[in-house]
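S.K.: Let me begin by handing over the structure; questions about it come next.
The values are calculated or read from the model by the stated rules, or taken from the named source; none is laboratory data. All values derive from a computational prediction rather than experimental measurement. When we count neighbours, we look across all protein chains shown, and the Cβ atoms used for this are built from the backbone with ideal geometry, even at glycine.
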Amino acid sequence: MISQIPSVIRERFINQMITWLLARSCLPIICTFACSTLLPSARAVDPPPDGGYPNFNTAEGDSALFSLTTGADNTANGYQALFSNTSGFSNTAIGIDALEGNTTGSLNTATGGGALEFNTTGNSNTANGFAALASNTTGFFNTATGSVALTANSTGFQNTATGSGALENNLTGSNNTANGVQALFSNTASYNTAFGGNAMYSNTTGQGNTSTGDEALYSNTTGSANTATGEKQRSISTRPVAKTQVMAWMPFLVIPAAATIPPLAQFALLQYHW
């Protein structure tokens with residue numbers, strides 16, 4: 001049949017078939033070349049980051065994570081950061097000697113030179129600031145924000161200090177809250193709350209006190225269960241108030257025979273200085 005087709009038409013047909021076949025066979029190659037040339041290639045960071053170690057640990061700085069054995073998910077950035085850590089996990093230390101003494105403690109965050117420096121087995125502590133929680137060893141659930149905040153704390157737990165020098169000298173006291181520069185500065189007891197600069201500054205062993213305002217309850221040392229509100233409200237008198245004095249000066253006030261006057265009420269009445 002093909003031999004009966006005129007030679008001119010036959011040659012034209014064969015040439016078209018060859019062209020079509022070549023195009024079909026080269027199409028994948030052409031597409032691959034075009035894609036590789038035109039599309040941006042996926043590249044890793046160049047140069048590649050260093051400091052990555054097994055078990056999702058990251059260390060940057062001389063002797064950072066120096067003693068690591070089985071610990072995981074730790075990040076150490078700074079000279080001797082997390083230096084002694086062996087099996088502790090999920091710790092973050094940023095700054096020279098941050099969490100340096102930590103061995104098995106976990107879930108701690110230290111930001112600042114010497115922050116949580118001597119922590120060994122304490123867990124779930126957060127220290128932000130130079131030497132914040134520096135002396136903590138086994139205490140847990142403590143939060144210190146500010147230079148030398150809670151710096152002397154060793155075994156105390158569940159303390160919150162915000163402000164430079166807040167709860168600075170607390171050793172073993174627990175469940176304290178200090179918000180303000182040097183608030184609860186001398187405190188060693190528990191269950192105290194101070195808001196304001198130098199609030200409850202002199203308190204040592206007094207417990208269950210609440211002060212709000214700059215220098216509120218400043219002079220209190222061993223008194224407990226006091227409440228002071230207002231700037232420079234330095235102390236609260238707790239001496240008893242005679243009912244006869246109250247009745248003489250306030251005849252409209254009716255007090256049952258067995259009633260006692262709360263300390264705050266005594267304080268308010270004593271301001272009249274009768």
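S.K.: Which ones in segment 176-221 are farther than 23 Å from F157 by Cβ and among the small types (G, A, S)?
M.R.: G196, G197, S202, G213, A216, S219
S.K.: May I ask you to verify whether T172 is without any contact (Cβ under 8 Å) to a residue 24 or more places away in the chain, surrounded by fewer than 18 Cβ atoms within 10 Å (Cβ to Cβ), assigned to a loop (DSSP other than H, G, I, E, B) and β-branched (V, I, T)? Don't jump to the end; show me each part of the working.
M.R.: Working: without any contact (Cβ under 8 Å) to a residue 24 or more places away in the chain: yes; surrounded by fewer than 18 Cβ atoms within 10 Å (Cβ to Cβ): yes; assigned to a loop (DSSP other than H, G, I, E, B): yes; β-branched (V, I, T): yes.
Yes.
S.K.: Tell me the residue from T120, T70, T58 that is of a type outside the set (A, V, I, L, M, F, W, C) and either at pLDDT below 95 or in a strand (DSSP E or B) (or both), please.
M.R.: Going through T120, T70, T58 in turn, just one is of a type outside the set (A, V, I, L, M, F, W, C) and either at pLDDT below 95 or in a strand (DSSP E or B) (or both): T58.
Per-residue answers, yes or no, for (1) among the small types (G, A, S); (2) within 24 Å of G101 (Cβ to Cβ):
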| position | (1), (2) |
| --- | --- |
| G165 | yes, yes |
| N169 | no, yes |
| S174 | yes, yes |
| N179 | no, no |
| G206 | yes, no |
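S.K.: Quick test of your reading of the structure: L167 fulfils all but one of (1) in contact with a Ser or Thr (Cβ under 8 Å, 6 or more places away or on another chain); (2) under 15 Å from T210 (Cα atoms). Name the failing condition by number.
M.R.: (1)
S.K.: What is the number of the single condition among (1) farther than 30 Å from G180 by Cα; (2) out of contact with any Gly (no Cβ under 8 Å at 6 or more places or on another chain) that N55 does not meet?
M.R.: All conditions are met except number (2).
S.K.: Sticking with this structure for a sec: Just to check your reading of the model, which residue among A161, A115, A144, A194 is modelled with pLDDT of 95 or more, touching a strand residue (DSSP E or B) at 6+ places or on another chain (Cβ under 8 Å), buried (at least 23 other Cβ atoms within 10 Å of the Cβ) and in a loop (DSSP other than H, G, I, E, B)?
M.R.: Working: A161 fails: in a loop (DSSP other than H, G, I, E, B); A144 fails: in a loop (DSSP other than H, G, I, E, B); A194 fails: in a loop (DSSP other than H, G, I, E, B).
Exactly one of A161, A115, A144, A194 is modelled with pLDDT of 95 or more, touching a strand residue (DSSP E or B) at 6+ places or on another chain (Cβ under 8 Å), buried (at least 23 other Cβ atoms within 10 Å of the Cβ) and in a loop (DSSP other than H, G, I, E, B), namely A115.
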